[in-house]
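Student: Would you mind keeping the following structure in view while I ask a few things?
The values are calculated or read from the model by the stated rules, or taken from the named source; none is laboratory data. As the structure is a prediction and not an experimental result, all values here were calculated from the model. Positions of Cβ are backbone-derived with ideal geometry, glycine not excepted, and every protein chain shown enters the neighbour counts. Each accessible area value is taken on the protein alone, full model and side chains, heavy atoms only, with ligands, DNA and RNA left out. Shrake-Rupley method; radii C 1.70, N 1.55, O 1.52, S 1.80 Å.
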Amino acid sequence: MSSRISSSVFSANGKRFREVFQHVGKDVVNYFPGHMAKGLQQMQKTLTQIDCIVEVHDARIPFSGRNPRFGDTLMVRPHLLVLNKMDLANMQYHQSIEEALKTGGVKKVFYTSCTENIDTTIKHKILPAVTELVTSVDRFNRSEAEDYSVLVIGIPNVGKSSLINALRRMHLKKGGKATPVGAHPGVTRSVMEKIRVSDKPKVYVYDTPGIMLPHIPNMDVGMKLALCDMFNILVLTNRQTIFTACCLILPSNTI
């Protein structure tokens with residue numbers, strides 16, 4: 001089974017990206033452990049306390065791996081999309097990516113990098129966007145509430161907890177980590193208690209476990225998710241399996 005990806009040429013050294021991945025095997029590994037199903041149920045139960053949904057995804061793969069279950073079950077609340085890890089992404093096409101996402105129904109898209117000490121989008125744009133979204137719709141049972149409650153969702157290892165800590169650090173001037181983070185997926189395994197990230201306006205957020213797609217549609221998507229470290233590699237087999245899949249023997253002038 002082969003999968004074609006876009007080719008590119010390095011003029012400096014004469015090397016070029018491979019044009020075809022010869023996938024090892026045809027079976028796509030699905031990764032949906034029990035804590036994810038439980039986490040999704042917890043999110044649904046929390047919706048009555050929520051004013052806005054902030055979905056975080058990896059800016060390197062803006063169209064791959066977003067969980068359709070979120071749209072089916074959670075998007076009854078106002079929603080914005082944060083494409084995190086922009087420092088690792090090719091930003092050349094960000095405008096066309098935003099246009100395509102908005103055509104698909106996403107009203108607000110923001111790029112962020114939580115590794116930056118001061119990310120201007122996190123500091124100046126996300127909470128005003130949340131306020132705008134919440135005040136533009138009926139809040140139903142929360143119409144009298146003076147605070148805004150936000151549910152932060154996404155697939156594993158896209159930086160949900162890092163975004164919450166960055167919001168808290170920039171708006172409350174508080175260091176440390178209100179919610180734990182890690183370099184690999186699976187650190188947050190249940191919906192956590194709400195965390196205050198701002199006083200003006202008063203905003204609380206709920207951190208949530210990463211919820212993977214129940215069924216990965218094809219090998220292309222699976223490869224992209226694996227290369228972005230969104231699986232718990234220990235439950236698949238080992239890192240050598242992924243390395244073998246990604247680094248097949250190729251001519252010496254390809255990488």
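Student: Filter the stretch 62-82 down to the residues that are farther than 16 Å from Pro156 by Cβ and of a type in the set (Val, Ile, Thr), then identify the one that is least open to solvent (accessible area, probe 1.4 Å).
Tutor: Per the stated criteria, the residue is Thr73.
Student: Could you please let me know if Met192 is of a type in the set (A, V, I, L, M), touching an Asp or Glu at 6+ places or on another chain (Cβ under 6 Å) and assigned to a loop (DSSP other than H, G, I, E, B)?
Tutor: Yes, satisfied.
Student: Give me the residue from the stretch 97-119 that is outside any loop (DSSP other than H, G, I, E, B) and either open to solvent by less than 60 Å² (accessible area, probe 1.4 Å) or in contact with a His (Cβ under 6 Å, 6 or more places away or on another chain) (or both) and, out of that set, nearest to Pro214 (Cα to Cα).
Tutor: Per the criteria, the residue is Leu101.
Student: Can you tell me which residue within the stretch 120-157, out of those that are of a type in the set (S, T, N, Q) and assigned to a helix (DSSP H, G or I), is least open to solvent (accessible area, probe 1.4 Å)?
Tutor: Checked the stretch 120-157; the qualifying residue least open to solvent (accessible area, probe 1.4 Å) is Thr121.
Student: Do you know which of the residues in the stretch 116-157 that are within 30 Å of Asn30 (Cβ to Cβ) and not aliphatic (A, V, I, L, M) is nearest to the chain's Cα centre (by Cα)?
Tutor: Taking the candidates together, the pick is Gly154.
Student: Please enumerate the residues belonging to the stretch 198-216 that are in contact with a helix residue (DSSP H, G or I) (Cβ under 8 Å, 6 or more places away or on another chain) and more than 26 Å from Lys123 (Cα to Cα).
Tutor: Within the stretch 198-216, Ile211, Met212, Leu213, Pro214, Ile216 meet the criteria.
Student: Give the residue that is most open to solvent (accessible area, probe 1.4 Å), with candidates limited to residues of the stretch 39-61 that are touching a helix residue (DSSP H, G or I) at 6+ places or on another chain (Cβ under 7 Å) and assigned to a loop (DSSP other than H, G, I, E, B).
Tutor: My answer is Arg60.
Student: Let me ask another. Which of the residues that make up the stretch 74-88 are outside any strand (DSSP E or B) and either over 16 Å from Val56 (Cα atoms) or in contact with a Ser or Thr (Cβ under 9 Å, 6 or more places away or on another chain) (or both)?
Tutor: Val76, Pro78, Lys85, Met86, Asp87, Leu88
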